[in-house]
Every structure is written in C-alpha cells, then in structure tokens.
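Engineer: Structure below; questions to follow.
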Amino acid sequence: MSKQDSSAPVRRSFLTSMNAGMAALAGLAVSGVARAQSKPASASRFEPARHDKDDWYDQIPGKHRMVLDTTAFEPFADAVRFTNNFFRGNQGGYGLSSSDLAVVIIARHRSTPFGYNDAMWAKYGKIMGPRSKAEDPKTKSAPLLNLFNATENIEQLSGGTTLDALAKMGVQFAVCGLATGAYGRSIAEATGQKAEDVVKELGANLITNARIVPAGIVAVNRAQERGFTLAAVSV
C-alpha cells in the first residue's frame, strides 16, 4: 500500500483560492469599465441656439462661406475689393464658380448708409455723408449717390468693382437695423419728418441683395455660428 501524499490538499486549497481571487479581480475590472462607459461627459459640446430669423444664411448656396464685417467708409471699400479678390482667387486658383462661394458683407455703424440705394443718397446724402464720413472724390462734398455703385471713380474707391456687380455674383448684404434707426432719427430731426417714417423709407430702399438685420454686430455673430469664416475689415 502506497503512502498518501499529504501535500495534495494544500495545493488544491491554494489553487482554489488563487482562481477565486482572479475571478474577483476580473469582475472588478469589468465593473470598472461599465462604470467608465456609463459616466456622463464632464462637459458637453456647445451648440448655438437656432432662430428662424437667421435661416437666410443657410439659403445662400456655396461650398465656401465668408462674412466681411465693416464699420466705416474705408473698411467698406476694402470689403468690396477683398470680396472681388475672393471670387477671383477661387476661380483662378481652384476652378470654382461664383455659385460655389457664399459671401455676406455687413454694413454697420458708419458704413450702414452704403446699404441704401441712390434714391436715398440723392434725398438724404447731405445728412448721411458727414455722419458716415463719406466724401465724393469729385466734388469733395457729401455724396448724392451711393459711391460704391457709381462707375465713376470706382477704380479708385474699390478697385473697379461695384455693389451691383457683387450682387450678380451672389453676394448678400446685411444692413444694421440699429444704425438705420439712428440715421432715420437724424434725418427726421433735420427734415421735420417722423423718425419711424424715415426708417421705414430707408429699409424699403436698399441695394440689391440687401436686407435689414436687427443689429450688425448680431449678424457678425450669427454668420459665424452658421459656418461663415470672419474677415474683419473694420476700424
């Protein structure tokens, strides 16, 4: 009869304990992964609120979007020039057409009146000119027409591009409503009219592809939230 190995029970006990410990560790690991996966993110990604009033930005066709912010005479002239260069560069360098580009020019503060048509400049130019610090290069006095839509001196002002030409390429213009109100009040005071009547008249006599927006600075914000790259040409 062989002698029984007394160490066998000890080995079995050790292996059983080790297996139980490994199973417990595996369970903790799985539980930890589950908790990590179910834990909410510490900070969610910001998404701007959407307003129906701003949906017109999305209605402008184009693969590339840019908004130019202007607040005075010279920056507005630069915006017209730079917009033309934006189209030329994309057409010559990338073979893109005008319909591939979505551009908005914002006229606010002192550049606001350049969103009004010739009729408003002929009627109120002597009032708007000094306020917007605009001067007719030929007469050296307040303009009586929208200088950026006149072919005369346009080469000197904006490199030969008019607002009508940009509009034909699809460029849109956002005209500040707050500044329009301020110009309307100044005109009304100088002419003895009701401010609300003048503001309404200005809003009904905009350049092609222009619209009144609640505020130009708001339009700067909303355009970027809708995917437009900002080109700041303000002073």
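Engineer: Kindly indicate whether any position in segment 32-54 is surrounded by 10 or more Cβ atoms within 10 Å (Cβ to Cβ), at pLDDT 70 or above and within 30 Å of A165 (Cα to Cα).
Structural biologist: Within segment 32-54 (the criterion being surrounded by 10 or more Cβ atoms within 10 Å (Cβ to Cβ), at pLDDT 70 or above and within 30 Å of A165 (Cα to Cα)), the answer is yes, since at least one residue qualifies.
Engineer: Out of A232, A165, report the one residue that is within 24 Å of N85 (Cβ to Cβ), small (G, A, S) and touching a Pro at 6+ places or on another chain (Cβ under 9 Å).
Structural biologist: When all the criteria are applied, what remains is A232.
Engineer: Please tell me if T70 is touching a residue at least 24 places away in the same chain (Cβ under 8 Å) and among the β-branched types (V, I, T).
Structural biologist: Considered against the rule, which asks whether it is touching a residue at least 24 places away in the same chain (Cβ under 8 Å) and among the β-branched types (V, I, T), T70 comes out as yes.
Engineer: Can you name every residue in segment 199-227 that is in contact (Cβ under 8 Å) with a residue 24 or more places away in the chain, among the hydrophobic types (A, V, I, L, M, F, W, C) and within 19 Å of K123 (Cα to Cα)?
Structural biologist: L202, L206, I207
Engineer: Would you confirm whether any residue within segment 92-99 is over 24 Å from the mean Cα position of the chain (by Cα) and aromatic (F, W, Y)?
Structural biologist: Checking segment 92-99: not a single residue is over 24 Å from the mean Cα position of the chain (by Cα) and aromatic (F, W, Y).
Engineer: Let me ask you something else. So for segment 95-103 (the condition being touching a residue at least 24 places away in the same chain (Cβ under 8 Å), part of a loop (DSSP other than H, G, I, E, B), of a type in the set (S, T, Y) and surrounded by fewer than 24 Cβ atoms within 10 Å (Cβ to Cβ)), does at least one residue qualify?
Structural biologist: Looking through segment 95-103, none of the residues is touching a residue at least 24 places away in the same chain (Cβ under 8 Å), part of a loop (DSSP other than H, G, I, E, B), of a type in the set (S, T, Y) and surrounded by fewer than 24 Cβ atoms within 10 Å (Cβ to Cβ).
The values are calculated or read from the model by the stated rules, or taken from the named source; none is laboratory data. As the structure is a prediction and not an experimental result, all values here were calculated from the model. Glycine gets a Cβ as well: all are built from the backbone with ideal geometry, and neighbour counts include every protein chain shown.
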